[in-house]
Each structure stands twice: as C-alpha cells, then as structure tokens.
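The values are calculated or read from the model by the stated rules, or taken from the named source; none is laboratory data. A quick note: this is a predicted structure, and the numbers were derived from the prediction, not measured. Cβ sites come from the backbone with ideal geometry, for glycine too, and all protein chains shown count toward neighbours. The area values use the complete protein model at the heavy-atom level, side chains included, leaving out ligands, DNA and RNA. Shrake-Rupley method; radii C 1.70, N 1.55, O 1.52, S 1.80 Å.
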Amino acid sequence: MAGKVIITCALTGSGHTPSMSPYLPYTVSDVVDQGVAAAEAGAAVLHLHARNPEDGSPSPDAALFAEYAKGIKARSDVVVSFSTGGGTGMTPAERLQPVLELKPELCTLNLGTMNYGSFPMIDRYKGRFKFDWEEPYLESTRAEPFISTYADIEYMLKVVGPQTGTRFEAEAYDTSHLYTLAYYLDQGLVQPPVFVQTIFGTMGGIGPDVDHIVHMKRTADRLLGDAYQWSTLGAGRYQMGIVTAAAVMGSHVRVGLEDSLYLGKGQIAESNASQVTKIRGILEALSLEVATPAEARAMLGLKGLDNVGY
C-alpha cells in the first residue's frame, strides 16, 4: 500500500453557514447522501460534524451523529471520523459525548487551544443571512478561542481512546502542535500509526504557503519519524493547490465543503463528491493511487466497522 493516498472528505464542518452555499448539507438525509456519494467518488474517510437539521447551526448532539453514522454505514464501508472540535461555545465534554457513546473508528484530536477566526466572512454575506444565529455565531469567533488544553488532550489519550477503541486524527494547525504531539508520543500515550492532519490557511493557524508545507513535513519527520501517516488540507481558495502540492510530497489529502465551498475560481461546488472527483483526477494524473476504505483501515490501524458502537 506504499504510495496509496487516503482521500478524506469533510462534509459540512461548523465554520461555514447555510447562507454561504445552497449545497452545504445540514439535514440528516443530505449529510448521509452526500457522504455516500463522496465515498463512491473515492473518499476512504468521511469527517463529520453535526448540525441542527432545522437551521444548520452546529450541534454536539450524539443522536445526530448516530443518525449520520448509521445511515452511512447502511450504504457504504467508508471510514467515519467524528469531529471533537464541534463549534464555538461548546464545552469539551459536549464535544466528546458522541465519541464516548458511539465509539467510531476515528475521531479528531485537536492539539492546542487557538484563535480560530471565522468573523472575516461576515462582511461578505452581510444582509444575506437566512438564519438569525449565523452572524452572531461568526462574530463570536472574534472573542472566543477554540479550547483544547493539555488536560483535555490527556483525557482523550488516557480515557476516551482506551474506553472506546477509537483512534485519533491529530489536527495540527501550526508547528507547535507537532511538538505537543511528539511529547505525548514520547510519553507513550500516543500509539503509532498516528494520523496527522496538517491544516493550512485558517485564520489563527499557519498560512497557506508551500514553504510552510515543507516546514511542517520536515518537522513532523524529525519529531515523529516513521510513527505517523501524514494528511493535509487547505482552507478556502487554497484548498486544491495546497493538497496537490502536499500530495506530491507524499501526503494524504482532505477536501470537502467544510474546508472550501468552491470547486474552482468563481465556481461553487454543488456537492462534496464533486471535490473528491476533482482531487482524485489530479492524483491519478500524477500517477498516484487512491486508497480504498479497507486499505485506509490497514494504514491507520483502525478497529473496523464491526467494532463501532452504532
């Protein structure tokens, strides 16, 4: 399987709001349908956030995660990764409850507290928000950081992982996060293979420059050696360029409407599957093979669909 590329598709996220795209899924049926279509297009992993099906607002509700996961499992063998990032204003306990209840194969592990700014999007959509929650939610990111303390990380490593059998998608928004991960790897609290998602172009994280990709890769190689599987995402308009550059360097890739609402310059993406199809075509044009869900499970050391709690 050396050289095979895992495509992750992040279906909906919590940063974009429904007014920004008519194609952003937030009903249960839309999330499930778009997830299955993305898997059929070539995604081996689906990254899930939950949203209130009435208005699209971010939700930590384990019952929603269960509906998504069961609906996808009934139609696909794709790997499902639950986000524990949730949305602004959620407590760590709220964000972790779906993982504790449903025991997915993968969940995210955010490697530090950080400013995560969505408020610059307000001016672009001012006067066009469909739901009352959207603008105040975006504005809240100006004052409220995303919280993931060392105590939160250690709880996930010492309690959540062992209790559920869920492995982690370690999210690194900057070089310092790789050092945090290396510390816990050295402590024996993180077990290889570590799935490391390096994130470029979010406000508050490292910028979307190829130099930064190289720097993050060199740092991860030095700190983590052969203990990790590397994946990359680019935010917004940088999405396809960043993941293509990283793929050439040996990275797995992530796309999806959580990360960008567009398929190309000025062209809004009409589905998550359209982004998966585009990056798959780019990868195959570069003579890179796309991993199946079974191959992704083997590379990431996952427990398999028979051992989830949904």
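Whether a residue is touching a strand residue (DSSP E or B) at 6+ places or on another chain (Cβ under 8 Å) and within 29 Å of His215 (Cβ to Cβ) was assessed, and Met249 does not pass this test. Considering region 274-310, the residues that are open to solvent by 20 Å² or more (accessible area, probe 1.4 Å) and among the small types (Gly, Ala, Ser) include one that is nearest to Ala227 (Cα to Cα), namely Gly301. Pairing each residue of region 215-232 that is within 10 Å of Ala182 (Cα to Cα) and at pLDDT 95 or above with any residue that is aromatic (Phe, Trp, Tyr) and not in a helix (DSSP H, G or I), provided the two are 6+ apart or on different chains, yields C-beta distances under 7 Å for Ala220/Tyr228; Ala220/Trp230. Applying a threshold of 8 Å to beta carbon distances and a minimum spacing of six or more residues, or different chains, the list of pairs starting in region 164-175 at a residue that is without any contact (Cβ under 8 Å) to a residue 60 or more places away in the chain and ending at one that is in a helix (DSSP H, G or I) and of a type in the set (A, V, I, L, M, F, W, C) reads Thr175/Met216. Suppose we keep only residues that are surrounded by fewer than 24 Cβ atoms within 10 Å (Cβ to Cβ) and in a helix (DSSP H, G or I) within region 1-33. Which one would you say is nearest to the chain's Cα centre (by Cα)? Residue satisfying both the conditions and the ranking: Val32.
When you look at Pro53, is it open to solvent by less than 10 Å² (accessible area, probe 1.4 Å), of a type outside the set (Ser, Thr, Tyr) and over 17 Å from the mean Cα position of the chain (by Cα), yes or no? For Pro53, the condition - open to solvent by less than 10 Å² (accessible area, probe 1.4 Å), of a type outside the set (Ser, Thr, Tyr) and over 17 Å from the mean Cα position of the chain (by Cα) - is not met. With respect to Gly13, determine if the residue is at positive phi and at pLDDT 95 or above. Yes; evaluated as a whole, the condition is true for this residue. Restricting to region 223-240, what's the tally of residues that are under 13 Å from Ile213 (Cα atoms), open to solvent by 10 Å² or more (accessible area, probe 1.4 Å) and touching a Lys or Arg at 6+ places or on another chain (Cβ under 8 Å)? Result for region 223-240: 1. Counting only residues that are part of a strand (DSSP E or B) and either open to solvent by 80 Å² or more (accessible area, probe 1.4 Å) or farther than 17 Å from His47 by Cβ (or both), region 66-80 holds 0 of them.
Only one entry in Val243, Val194, Val190 is modelled with pLDDT of 95 or more, over 27 Å from Gln275 (Cα atoms), open to solvent by less than 60 Å² (accessible area, probe 1.4 Å) and out of contact with any His (no Cβ under 7 Å at 6 or more places or on another chain), namely Val190. Comparison of Lys158, Lys130 shows that the only residue that is open to solvent by 70 Å² or more (accessible area, probe 1.4 Å) and assigned to a helix (DSSP H, G or I) is Lys158.
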